[in-house]
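Beneath this line is the structure, given in structure tokens, with notes to follow.
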Amino acid sequence: MPAKKGSKRVRKVKLVKTKVRTKESPEVKENTTLKENLEDDNESSIRVAEKIVDKAVLELSKWNDRKLQKEQDKSGKLALFDEDSKDLCLYLQATSLKFFAKKQSLKPKGIRLEHSINNLDLDDGEPFKVCVFVKDNTIDESLLEKIEAENIPHLEKIIPAKELKTTYKSFEARRKLWEKYDLFLSDDYLITTLPKLLGKRFYGSAKFPIPIKVYSKDKTAVSVQTLKNQILKVLHSTYFIPPMGVNISLKLGSLKQDRKNLHDNLNTIINYLSRFPIRILQLKLETSPSIPIYVNREVHSDEDVIGGKLPVGKDTEPVLEKDDSDELSLYERGLIELAFDEEEARKVIDSKRAKHKKRKYVEEEGSSSQDLGKKIEV
């Protein structure tokens, strides 16, 4: 069967003949809703002011523009594309007072969002491409044609495990595979073997494979409808691998996305994160400094952290409050780091500290003079 115009044909794999379910099973319907979002219906204890988020996004956008301009000035040539899509990706960094996982796991957790974090509707350039890893001997020629006929959005290629062990065994082949596709999905039964087959190139980046269910209810054959539903679900979710640590990073969207969409996605993620004792939330791009948008300034004892007895988080306004040590808020320091390099940023901070000390000295001298005047009058 001829491939779709404008895209590459899904790779053919010789697999056993199978029966395809044409109707969505109850199991598929259940899987299209991410359970993680439903575990906590209570209002989030973390409140982030929209004006803080808007300001942070604006400053990150300015930082990216300056970065691109410097690169163009250095090369003396205009870039073929105005902006690199990976540089536009917006990430939310979360730091907790407790580990996000009690034991090591490479299986990602997902959060279903209202708006896709991926730029799926490209007017020009390369289309958004999805690659799926499957177990050997699960898809035959007939089933492959049915998958193509279903016209599953953005599905570009299907790769069996044996090809990962042979064709993509070398580091260079894995690197090219990683660069060629925007999103990688995997049969849930194969996910635990992928770290060894794919290596650090995949699991050390935001392109780690996402596990999906591809089988029908009886788990004996791949279901085209299930595969389609799972891909659509992943395209509208964000994922992270829970670490035995206190820091995670989640893709929130991109700088080009509508601000309301970013706020909606951020609120959904924050509602999910409220089950953890979050210490700080920050926004950043792929290579930019981070800007704090929420800080919980409460001090906790070791017993509080271990026992999980933590107070409700505060609003984000404390992010703007000044630190007595240098008279600069965390938010201000983040903005300065975006605007300057480390040396220039230090000059700005030192200058502000000097002005603060001078102002404080004048105020103290004035107060002393007033006290002296009162004593003389008496």
For a label point 7 Å along the Cα-to-beta-carbon line of E50, residues of the stretch 257-298 with backbone N under 15 Å: 258-268
Two-site FRET efficiency, K107 against N151, from Cβ-Cβ distance with R₀ of 41 Å, rounded to 0.05: 0.85
Ordering of 142-151, 182-191, 92-101 by burial proxy (mean other Cβ atoms within 10 Å per residue, highest first): 182-191, 92-101, 142-151
Protection proxy ranking, peptides 202-210, 165-173, 233-241, average beta carbon neighbours within 10 Å, highest first: 233-241, 202-210, 165-173
Cα-Cα over 25 Å, subset of K55/K180; K176/K207; K62/K109; K169/K228: K55/K180; K62/K109; K169/K228
HN-Hα J in Hz across the stretch 269-282 - Karplus 6.51, -1.76, 1.60, θ = phi - 60°, x for Gly and Pro: 5, 5, 4, 5, 6, 5, 6, 9, x, 5, 9, 8, 10, 9
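Throughout, read-outs are computed from the coordinates displayed, never taken from laboratory work. What you are looking at is a predicted structure, and each value in this text was computed from that prediction instead of being measured. Because the Cβ atoms are built from the backbone with ideal geometry, glycine has one as well, and the counts that use them run over all protein chains shown.
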